[in-house]
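Reviewing the structure listed below.
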Amino acid sequence: MKSNTNYLRFGFFHRFCHFLIIISFFGLVLTGMPLAFRGYDWARWLYELFGGYPTAGFIHRICALITFFATFIHFVFLFVCVSVQKKKGFFWGPNSLLIQPRDIFDIACDIKWFLGLGKRPDFDRWIYWEKFEYLSLMWGTLVMAVTGFILWFPVQFTKIIPISVASIIDLPGIALIIHRYEAILAAGFIFTIHFFHTHLLPEKMPVDEAIFTGAITEEEFKHERLNQYKRLENQRQLQNYEVAPPSLFVTFLTRLFAIPALITGLVMVGFMLSALIVWIL
Amino acid sequence: MGYKLEKSPIRKIVSGLVRFRWFALFMVCSAIIGLSPAVLTAGDNGPCIECHTNPEKLKTAEKAKINPVTGEIKVISMVINESTFKASAHGGEDFFCIDCHQDLDGVDLADGHKPNLKPVDCITFCHDDPADDYLQSNHVKLMKDNSKDVPVCKDCHAGLTYHFTSIGEKAPMYVPKGTDPLHRRLTIESCGSCHQEYFDSYRNNAHGQIAALGHTTTEIPVCFDCHGKHKILNTSDPESKVGKERIMETCGSCHANVNASFVKHIEHPQIKNLNYYKKLLAALKNARSDPENFKKLLKNPQTILCVVFVMYVGILTFTFTSFGLHSLLSWFAVVRDEHKRKGHTDEEQH
């Protein structure tokens, strides 16, 4: 039974950014992965599905620009919050997405829980693995953007390095290797670890709708993030976060969008795993 | 390498009719000419096609041929596909079998002709331009130095034959051009059948990975776009397309405004070549006794590529094992908690 009290977990801005990232990430993975797994039939099929050369490449670049846009507005948002609105708690405290001393303690507690030596630890607004995912997304986007730009404009980028350096450090060559394996890392991470940690947990199956509707039920809130719930209750701010439960239509739309995306991601994982198995054998 | 000319049933019927037509013509002709012996003359393909479209009329329907370069043995059928021949660049009205198979000029065909014809000479009268380039190439020089048979045109221009076999000999409908995507792709495989290491490393590169997905239009460079078509020379040769003097021009034919740093790019990364890693390890072991070699390898741009690659393999392995384990454990713990909770509520109900 879902309780009727719902709280806001993600504001519209964050949901919109997550949506942009989903759209662009899938576009990037589906048009880029065939190049990394070029020897397999599924790669050829997928590449042709997206128009082959050069259409798939254009789609890839457009999606990259969408990712840049999402990253750009995210940093503008952070800048406005920190510098203009002078909000506190972006670098320190329970609302920060940066690693805090408390996270080390949480990891230890979590491992205890895994081994059956303790009860499930209570978390605050961001759980340590969520922070890790956020930070690795930021780092990964930076790496992919820089190497991607080098591959997009190889002549212009090599122009700025002297010949003596270029004969030891092959910039486009390094960029290609990093771009390829960072992509496999990112796609593999999102489609397995992120999916199984956030969406495909037995208690969430099939999707954690909070990132699409923004709302989380009281039960879920207490179960997942008891510390944040208690903190807000003590500060008498809990009422400020109360929202109407998502309508049936919104829930339907969420699932209509999220479930095919999840399946696509899992199919991609299947393809990549099959390639790994073939490679090992 | 899987290009077989599939015959549709309609075409089979048509070619059957064509065969029958020739057969009928032959019967009529032989009736008219009577006992006069058939002599091959320029200006007539009839006598050749008459037998070479019908395996039953041939003494030898199939022959084995050894590729002088790869040593590969192929079975080549002596049967001609007439429509393929007619559609080819050599199949025009004023072009005849004996123009190429010159040792059959004026031969009496009463008992058939001798079994082994001379190899076709493409060079002397027609294709002297590419041949001239080819004879100056490193391939020819190496073969001569090692006193081996020089590969002939057909050894690389695979499929440039009108002979058909039951096992599926390639038979392009035209003499392949450098701009034709299928021909461009087949040449990668032809070069790769000898130069396996370069073929593998090419596929690890930006150009080769798109070619590997089956896109080989002129926008995607294949082997001969960079190394030259017939005059393939060693990089040390000043005339080589990939040598110091001409590399800017070669890369510049696709990439506008190339610069001297850009052309230092490694087209054949050794990141997946075990031999290169063995070489690196050996140099590392002998770093004290032979520091020059070690320094040289360190300065080789391939080394950095290999280090980056190995680093990423490490990162991938570490990330997926640690976080995979974490995911599995959290899944297991959630299920366990759920199970316990259910057990409790059951007890309370009883």
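Across the stretch B:118-131, computed HN-Hα scalar couplings (Karplus, 6.51 cos²θ - 1.76 cosθ + 1.60, θ = phi - 60°) run 5, x, 5, 9, 7, 7, 3, 9, 10, 9, 6, 5, x, 5 Hz from first to last residue, x flagging Gly and Pro. Near A:Asn6, the amide H atoms lying under 5 Å from its own belong to A:Val243; only residues 5 or more places off or on other chains count, and H is placed 1.01 Å from N.
Calculate the mean, over all residues of peptide B:250-262, of how many other protein chain Cβ atoms lie within 10 angstrom of the residue's Cβ. The per-residue average across the peptide is 4.
Among beta bridges from DSSP that stay inside the protein assembly as shown, the antiparallel ones total about 95%.
Taking other residues whose beta carbon is less than 12 angstrom from the beta carbon of B:Lys231, and scoring Lys, Arg as +1 and Asp, Glu as -1, yields -1.
Projected label points at B:Leu135 and B:Ala287, each 7 Å from Cα along the beta carbon direction, are separated by 5.3 nanometres.
Remark: the stretch B:231-237, residue by residue, has Karplus-estimated 3J(HN,Hα) of 8, 7, 10, 5, 4, 5, 6 Hz, where x stands for each Gly or Pro and the curve is 6.51 cos²θ - 1.76 cosθ + 1.60 at θ = phi - 60°.
Modelled this way, with points 7 Å down the Cα-to-C-beta line, the labels at B:Asp121 and A:Glu130 are 8.4 nm from one another. Charge tally for B:Ala333 (other residues, Cβ to Cβ under 12 Å; Lys, Arg +1; Asp, Glu -1): +1.
Scanning residues 5 or more positions from B:Val79 or on other chains, those with amide H under 5 Å from its amide H are B:Phe164, with H placed 1.01 Å from N in the peptide plane. For A:Phe153, what is the net charge nearby, where nearby means another residue's Cβ is under 14 Å from its Cβ and Lys, Arg count +1, Asp, Glu -1? Spelling it out: positives minus negatives among the neighbours equals +2.
Note that the stretch B:211-218 has calculated 3J(HN,Hα) couplings of 4, 5, 7, x, 9, 10, 5, 5 Hz, one per residue in order, obtained from phi through the Karplus relation 6.51 cos²θ - 1.76 cosθ + 1.60 (θ = phi - 60°); glycine and proline are x.
Going from the residue with the fewest nearby Cβ atoms within 10 Å to the one with the most, A:Val84, B:Val107 rank A:Val84, B:Val107.
In the structure shown, the pairs B:Lys264/B:Lys296; B:Lys229/B:Lys299; B:Lys144/B:Lys231; B:Lys59/B:Lys118; A:Lys159/B:Lys244; B:Lys241/B:Lys299 are assessed against 20 Å; a Cα-Cα span above that value is assigned to B:Lys229/B:Lys299; B:Lys241/B:Lys299.
None of the figures in this text is laboratory data; all of them are computed from the coordinates on show. Quick caveat, the model's predicted, so the values are computed rather than measured. Quick reminder, even Gly has a Cβ in these numbers, built from the backbone with ideal geometry, and neighbours come from all protein chains shown.
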